[in-house]
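*Asks:* Below you'll find the structure I mean.
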Amino acid sequence: MNLPEISVKRPVLTIVLYLAIIVLGIVSYMRLSIDMLPEIEPPMISVLTTYKGASAQDIEINVSKRIETGLSSISNLKKIRSTSIDDVSAVTLEFEYGTNLDEAANDIRNALEMTKANLPDDAETPVIFKFSTNMIPVVMLGVTADESYFGLNKLIEDKVANKLKRIPGVGTVQTIGGPKRQIVVDINPKKLEAYNLSTERIGQIIGAENLNLPAGSIKMGRVEYNVRTLGEFQSAKEMEKVVVGQQNGKIVYLKDVANVRDSLEENTRDVRMKEKQGLLLMIQKQSGANTVDVAKAVFAKLETLKKDLPADVKLEKVMDSSETIVDSISNLSDTILYAFIFVTLVIIIFLRKWRAALIVLLTIPVSLIGAFVYLYFSGNTINIISLSSLAIAIGMVVDDAIVILENTTRHVERGARPREAAIFGSSEVSLAVMASTLTIVAVFLPLVFITGLSGILFKQLGFMVTITILISLFAALSIVPMLSARLLKSRKDEKPIKNKTLKAIDSTLGKMLDALDDFYQKTLNWVLDHKRTTIIISAVIFLGSLALIPLVGTEFMPKSDQGQMTVTMELQSGTRLEETSKYVLEVEKIIKKDFPEVQFYSGRSGTSTEGFSSLLIGQSEGSNIANITIRLSKKVERTRSIFEIADALRKKIEPIAGIKTLTVSTSGMDAIK
């Protein structure tokens, strides 16, 4: 027995099989994460090294070049480059696509062990850092304050960041900018010399005293207690009482040779929200977490956390990547729904029998839902690539079912019973249907073998369309014959249409389709009678199409209005942070005055003290570099597109003297830079 015969003779088995596919598909769908694109892990690894107090030039000579030399012999290495800024070296290694990055990271780790001996003694241990789309911030928040500004960093760390880290799916929560507490010891050189002490000695003593140490244990009865000596300083007053020496039998305290004050770190980074000083809170998700769910959970938690903050502390949304994802997924979902409706209408119009239309339409959900099983078990997500695959496939999944149903209907109209017609009609065209389906598979399956970044994006497309089409073939050869045997009526059992309106519609559609058949027959006769002319016309159209290729622009990803813009300004090298901040304020005033579409903007300039935050979000740093992130109102609420606004803003900023390079980006990915 072939597949159609088995399906017709064992309907329960067929129904249970497809119910299992549907249930498994629905369960898989409910457990899938939602994201903009498939997870992309570019074949790049960075080695980040901190060398406090060193200039960019010193970092390049003493750290970056030495690490480059030590890592240049790593296998499968395609390119190596370095970025050196004050205090931080970033050496990026780019590998050939397909390289196992875990093995590459181990090779780098081994090479660094030999390179450490050549690095400065004060340089910290190099950190290996792998890139992934999971590192793109899910949410960025701007925090401002008035009276609470000087304690803002610690306040946000304790009251907000630590609590957000406990949310399921949240990976890291990092603050950028803002004031940071620092205990300053102003040493009096004359007193230091009088007591025969040195600055290095003072530093060593402070470091040795500022420690919590274990002090063993005490056993009392049936209980054992661990004992610790608490030596970490709690205030500047405690530090003043530290003994730093002895002279002529008199104890010398730190306060005798220095002034200890509770202060703030030197400002190396200026962060502003709508012209007010503040800080940024960057929230990243864990690998595999649902971006939309994480963003919802973060904003829900923030509503509770705001109640514990002082009244002058304000939190505002700078960026929410889930908004773009939800909009894109919603648009594609609507497209799939419209496609399903139009496919339904076309089938009903051409088949003109609701039973036949129902049989064909039942193959669509089975085929599409089955694709979610592949997504779940392959560890993929619901994204614009996977949904685009379904949108492409939805019109093709009914092709096989229509061919088999049409042949079955032909046998029924010739007097065969529906059961026999379903078996023989399906078997007759099964090879032709399989051949046409495998032709489609031959087009899409090779996409999975594409390498590079394009391969990462289109691999899912190739698999999704291939799996969906193969499921539709299986459905056409099994469920369609089974339903045809039970739903189709023989000519003697078929009842005429009694409703006048439906009868008129059916008659009109019949005349239209007959007219279409006549037109096609006449066209086909003309083509067969004018073979040479037909070939010439086809060749002209084909060659004309090829001639238009140079006129069509190319780009990696189509431009889209995501409501996020970034302005990046680079001034003359060596420009002070205070001067760069003035440029930021000037641009912000232009935005506030001339662009009513802007809902929020934040400006950043300078270098972060930890050095790594800029590298994590792909932004350049320096006292002469400024970035302004702009969030626009929704697309339907403004008259100008994001591209028109960007052009207008660029024209407003360009006349400002002193700007070396200016970039106004409309990409959602660049908006977080």
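The values are calculated or read from the model by the stated rules, or taken from the named source; none is laboratory data. Note that the structure is a prediction, hence the values are computed from the model and not measured. Don't worry about glycine lacking a Cβ; one is built from the backbone with ideal geometry, like all the others, and counts go over all protein chains shown. Remember, those area values only see protein heavy atoms, side chains included, never the ligands or the DNA or RNA. Shrake-Rupley method; radii C 1.70, N 1.55, O 1.52, S 1.80 Å.
*Asks:* Which of (1) closer than 30 Å to residue 37 by Cα; (2) of a type in the set (Gly, Ala, Ser); (3) surrounded by 13 or more Cβ atoms within 10 Å (Cβ to Cβ) is the odd one out, the single condition residue 553 does not satisfy?
*Replies:* Going through (1) closer than 30 Å to residue 37 by Cα; (2) of a type in the set (Gly, Ala, Ser); (3) surrounded by 13 or more Cβ atoms within 10 Å (Cβ to Cβ) one by one, residue 553 breaks only (3).
*Asks:* So which residues in segment 389-403 are assigned to a helix (DSSP H, G or I) and over 27 Å from residue 327 (Cβ atoms), if there are any at all? Let's see the steps before the verdict.
*Replies:* The initial filter retains those residues of segment 389-403 that are assigned to a helix (DSSP H, G or I), namely 389-393, 399-403.
Listed by number, the residues that qualify are 399, 400, 401, 402, 403.
*Asks:* Looking at segment 161-171, which of the residues that are in contact with a Lys or Arg (Cβ under 9 Å, 6 or more places away or on another chain) and closer than 27 Å to residue 146 by Cα is least open to solvent (accessible area, probe 1.4 Å)?
*Replies:* Among those residues, the one meeting the criterion is 164.
*Asks:* Show the residue pairs meeting these rules: Cβ distance below 8 Å; 6+ apart or different chains; first residue within segment 312-340 and more than 27 Å from residue 598 (Cα to Cα); second residue acidic (Asp, Glu) and surrounded by fewer than 19 Cβ atoms within 10 Å (Cβ to Cβ).
*Replies:* none
*Asks:* Can you find a residue that is buried (at least 19 other Cβ atoms within 10 Å of the Cβ) and within 27 Å of the chain's Cα centre (by Cα) anywhere in segment 393-400?
*Replies:* Yes, because at least one residue in segment 393-400 is buried (at least 19 other Cβ atoms within 10 Å of the Cβ) and within 27 Å of the chain's Cα centre (by Cα).
*Asks:* Taking interchain pairs and intrachain pairs at least six residues apart, which have beta carbon atoms under 8 angstrom, with the first residue in segment 370-384 and touching a residue at least 40 places away in the same chain (Cβ under 8 Å) and on the phi > 0 side of the Ramachandran plot and the second surrounded by 22 or more Cβ atoms within 10 Å (Cβ to Cβ) and not β-branched (Val, Ile, Thr)?
*Replies:* Final answer for the pair search is none.
*Asks:* Of all residues in segment 589-606 being open to solvent by 20 Å² or more (accessible area, probe 1.4 Å) and among the hydrophobic types (A, V, I, L, M, F, W, C), which is nearest to the chain's Cα centre (by Cα)?
*Replies:* Selected residue: 598.
*Asks:* Of all residues being without any contact (Cβ under 8 Å) to a residue 60 or more places away in the chain and part of a helix (DSSP H, G or I) in segment 445-458, which is least open to solvent (accessible area, probe 1.4 Å)? Just the residue, please.
*Replies:* Let us first name the residues in segment 445-458 that are without any contact (Cβ under 8 Å) to a residue 60 or more places away in the chain, namely 445-450, 454.
When the remaining residues are screened for being part of a helix (DSSP H, G or I), the result is 445-449, 454.
On the way: 445: 61, 446: 65, 447: 42, 448: 21, 449: 156, 454: 46 Å².
My answer is 448.
*Asks:* Looking at segment 272-300, which of its residues are farther than 20 Å from residue 326 by Cα and of a type in the set (Lys, Arg)?
*Replies:* 272, 274, 276
*Asks:* Shifting gears a bit: How many residues are within 15 Å of residue 94 (Cα to Cα), in a loop (DSSP other than H, G, I, E, B) and open to solvent by 20 Å² or more (accessible area, probe 1.4 Å) if we restrict to segment 41-60? Explain how you work it out, then say what you get.
*Replies:* Here is the first cut: in segment 41-60, the residues within 15 Å of residue 94 (Cα to Cα) are 41-48.
Pick out the ones that are also in a loop (DSSP other than H, G, I, E, B) and you get 41-43.
If we keep only those that are open to solvent by 20 Å² or more (accessible area, probe 1.4 Å) too, we end up with 41-42.
Here the count works out to 2.
*Asks:* Please determine, by comparing only the residues of segment 101-134 that are touching a strand residue (DSSP E or B) at 6+ places or on another chain (Cβ under 6 Å) and closer than 30 Å to residue 317 by Cβ, which one is least open to solvent (accessible area, probe 1.4 Å).
*Replies:* Looking at the filtered set, the residue picked out is 129.
*Asks:* For residues that are charged (D, E, K, R) and either part of a strand (DSSP E or B) or surrounded by 19 or more Cβ atoms within 10 Å (Cβ to Cβ) (or both), tally how many sit in segment 181-193.
*Replies:* So in segment 181-193, the residues charged (D, E, K, R) come out as 181, 186, 190-191, 193.
Among the residues that remain, those that are also either part of a strand (DSSP E or B) or surrounded by 19 or more Cβ atoms within 10 Å (Cβ to Cβ) (or both) are: 181, 186.
Matching residues across segment 181-193 total 2.
*Asks:* Output yes when any residue across segment 79-91 is modelled with pLDDT of 80 or more and either on the phi > 0 side of the Ramachandran plot or loosely packed, with under 14 Cβ neighbours inside 10 Å (or both), and no when none is.
*Replies:* The initial filter retains those residues of segment 79-91 that are modelled with pLDDT of 80 or more, namely 79-84, 88-91.
With the extra rule that they be either on the phi > 0 side of the Ramachandran plot or loosely packed, with under 14 Cβ neighbours inside 10 Å (or both), the set shrinks to 79, 81.
Yes: segment 79-91 contains one or more residues that are modelled with pLDDT of 80 or more and either on the phi > 0 side of the Ramachandran plot or loosely packed, with under 14 Cβ neighbours inside 10 Å (or both).
*Asks:* Still on this model: Filtering segment 376-388 down to residues that are in a helix (DSSP H, G or I) and more than 23 Å from residue 478 (Cβ to Cβ), which residue is most open to solvent (accessible area, probe 1.4 Å)?
*Replies:* Residues of segment 376-388 in a helix (DSSP H, G or I): 376-377, 384-388.
Right, trim to more than 23 Å from residue 478 (Cβ to Cβ) and you get 376, 384-388.
On the way: 376: 82, 384: 37, 385: 28, 386: 1, 387: 13, 388: 40 Å².
Out of the qualifying residues, it is 376.
*Asks:* Could you tell me whether residue 74 is hydrophobic (A, V, I, L, M, F, W, C) and at pLDDT 90 or above? Give the steps one after another, and end with the answer.
*Replies:* Values: hydrophobic (A, V, I, L, M, F, W, C): yes; at pLDDT 90 or above: no.
Considered against the rule, which asks whether it is hydrophobic (A, V, I, L, M, F, W, C) and at pLDDT 90 or above, residue 74 comes out as no.
*Asks:* Just wondering, is there one or more residues in segment 521-530 that are open to solvent by 80 Å² or more (accessible area, probe 1.4 Å) and of a type in the set (S, T, N, Q)? It would help to see each step written out before you state the result.
*Replies:* Taking segment 521-530 first, the residues open to solvent by 80 Å² or more (accessible area, probe 1.4 Å) are 521-522, 526, 528-529.
Then keep just the ones that are of a type in the set (S, T, N, Q); that gives 521.
Checked against the condition, which is being open to solvent by 80 Å² or more (accessible area, probe 1.4 Å) and of a type in the set (S, T, N, Q), segment 521-530 yields at least one hit.
*Asks:* Under 7 Å by Cβ, and 6 or more places apart or on different chains, what pairs join a residue from segment 10-23 that is among the polar types (S, T, N, Q) with one that is assigned to a helix (DSSP H, G or I)?
*Replies:* 14/7; 14/478; 14/479; 14/482
*Asks:* Moving on to the next point. Confirm whether residue 14 is on the phi < 0 side of the Ramachandran plot, assigned to a helix (DSSP H, G or I) and in contact with a helix residue (DSSP H, G or I) (Cβ under 6 Å, 6 or more places away or on another chain).
*Replies:* Working: on the phi < 0 side of the Ramachandran plot: yes; assigned to a helix (DSSP H, G or I): yes; in contact with a helix residue (DSSP H, G or I) (Cβ under 6 Å, 6 or more places away or on another chain): yes.
When the stated conditions are applied, residue 14 passes them.
*Asks:* Are there any pairs, at least 6 apart or on different chains, whose C-beta atoms fall under 6 Å, with the first in segment 91-102 and more than 13 Å from residue 453 (Cα to Cα) and the second assigned to a helix (DSSP H, G or I) and among the aliphatic types (A, V, I, L, M), and if so, which?
*Replies:* Here the result reads 91/67, each pair linking segment 91-102 to a residue that is assigned to a helix (DSSP H, G or I) and among the aliphatic types (A, V, I, L, M).
*Asks:* Right, something else. Can you pull out the residues in segment 223-236 that are in contact with a Lys or Arg (Cβ under 9 Å, 6 or more places away or on another chain) and open to solvent by 40 Å² or more (accessible area, probe 1.4 Å)? Spell out how you get there, then give the answer.
*Replies:* Going residue by residue through segment 223-236, those that are in contact with a Lys or Arg (Cβ under 9 Å, 6 or more places away or on another chain) are 225, 236.
Across segment 223-236, the qualifying residue is only 225.
*Asks:* Restricting attention to segment 249-303, which residues are open to solvent by 80 Å² or more (accessible area, probe 1.4 Å), among the basic types (Lys, Arg) and more than 30 Å from residue 592 (Cα to Cα)?
*Replies:* Once the filter is applied, which keeps residues that are open to solvent by 80 Å² or more (accessible area, probe 1.4 Å), among the basic types (Lys, Arg) and more than 30 Å from residue 592 (Cα to Cα), segment 249-303 yields 250, 255, 261.
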